[in-house]
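Data first, discussion second: the structure below is written as structure tokens.
The values are calculated or read from the model by the stated rules, or taken from the named source; none is laboratory data. For clarity, every value in this text was computed on a predicted model and none was experimentally measured. Neighbour counts are summed over all protein chains in view; Cβ atoms, including those assigned to glycine, are modelled from backbone coordinates with ideal geometry. Protein only, heavy atoms only, side chains kept; ligands, DNA and RNA dropped before computing areas. Shrake-Rupley method; radii C 1.70, N 1.55, O 1.52, S 1.80 Å.
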Amino acid sequence: MCSLKVKRQALLTIILTYILIVFGGYVASSESGMGCGPEWPLCNGLVIPVLKGDTLIEFAHRVIGAVLGIMTAVLYFRIQKSNPVRELDKASKVLILLLLVQILLGAAVVWLDLPAIIVSVHLMVAMVFLAVLIWIWRNADEQPSRTKTRKDQSIQNKFKVVLLLLLITLFLGAYIKHRSFGLACSWLECTNGFMPVSFPEIIQTGHRLAAGFLAFYIFILTYLSLKNRWEAGLQNRLMAASLLVLGQIIIGILIIISYIEISWAVLHLAFGTALFAIIWEAGVFASSSSRISSLGEKSSNHYFG
């Protein structure tokens, strides 16, 4: 019963975390980040400010964050009450630590007037926070996993590569957003052709290259999952990831063509966060028990070395 409550609480916290991340993207895209002034935790000197314009948007973001903090604390105490295994106990403590780091980063973002590097780190910590929540959700009622085989380790290593590329892409995208580098290049090329010259163009090109490698890797991994008949649940997750990648490519082009229309920018972050969640959850799914019926190491090595 306790494990079921933990899973439900973890799932609700995952959903709210996703909403907070995407809403944070709306705050940034609407340039409402300083809607409460350079003050934290107060908003324009008040506990509850006049709710209109940028102040309403920024204050709503803070309220959602406060609710998430409460839900995270409730999740932690439920895990502790359930007499968790060592891994789950450790994950719950890491979750609380990440929450505290996020609170401090959120305050620093306001106090220092939205520095791009800190805002980007803020997003990365949010992604790790989401990842820990997903791990807790998947493992709250799992029995200790079996000994991993070479095939299991091989596929998990592939997911690690995807996650690394995804985090790099997300970080560069956030940095570009908060440095206003989004229009440094057109949707196809930069000012002087395909080779970037200025710093904004280099960062924008790096983001696109990382996204390109990420897309290629996910497409190949999806192909291998179908070719080698991996477990159906894993195939479905990878196909969903491939569809999100295709959507991201289209949205990325539309962002440039529309001169960074807010709706497209927010949708881009929504898709990127969903992609991260699916890829991470797929990796946890694959490692929690015997998920792969046939990995086909020989064909995998042909594509990935």
Flag for V94 being part of a helix (DSSP H, G or I), under 20 Å from G25 (Cα atoms), open to solvent by 40 Å² or more (accessible area, probe 1.4 Å) and modelled with pLDDT of 95 or more: no
Candidate set: the stretch 161-195, residues that are more than 21 Å from E31 (Cβ to Cβ) and of a type in the set (S, T, N, Q); chosen: the one nearest to the chain's Cα centre (by Cα): T169
Total residues in the stretch 37-61, condition among the polar types (S, T, N, Q) and either on the phi < 0 side of the Ramachandran plot or in contact (Cβ under 8 Å) with a residue 12 or more places away in the chain (or both): 1
Where L224 falls short, out of the listed (1) in contact (Cβ under 8 Å) with a residue 40 or more places away in the chain; (2) open to solvent by less than 20 Å² (accessible area, probe 1.4 Å); (3) within 21 Å of L170 (Cα to Cα); (4) not polar (S, T, N, Q): (3)
Pair list, Cβ under 8 Å, 6 or more apart: the stretch 132-145 residue within 11 Å of E87 (Cβ to Cβ), other residue in a loop (DSSP other than H, G, I, E, B) and at pLDDT below 75: E142/S289; S145/S289
Matching residues in the stretch 201-221 - criterion: being without any contact (Cβ under 8 Å) to a residue 24 or more places away in the chain and of a type in the set (A, V, I, L, M): I202, L209
Conditions (1) open to solvent by 60 Å² or more (accessible area, probe 1.4 Å); (2) modelled with pLDDT under 90: number failed by W111: (2)
Pick from the stretch 19-36, criterion over 15 Å from the mean Cα position of the chain (by Cα) and free of Cβ contacts under 8 Å to residues at least 60 places away in the same chain, ranking: most open to solvent (accessible area, probe 1.4 Å): E31
Filter pass, A241 being at pLDDT 95 or above and either open to solvent by 60 Å² or more (accessible area, probe 1.4 Å) or not in a loop (DSSP other than H, G, I, E, B) (or both): yes
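Which residues, taken from the stretch 46-85, are assigned to a loop (DSSP other than H, G, I, E, B), closer than 17 Å to S32 by Cα and either open to solvent by 40 Å² or more (accessible area, probe 1.4 Å) or out of contact with any strand residue (DSSP E or B) (no Cβ under 8 Å at 6 or more places or on another chain) (or both)?
I48, V50, L51, K52
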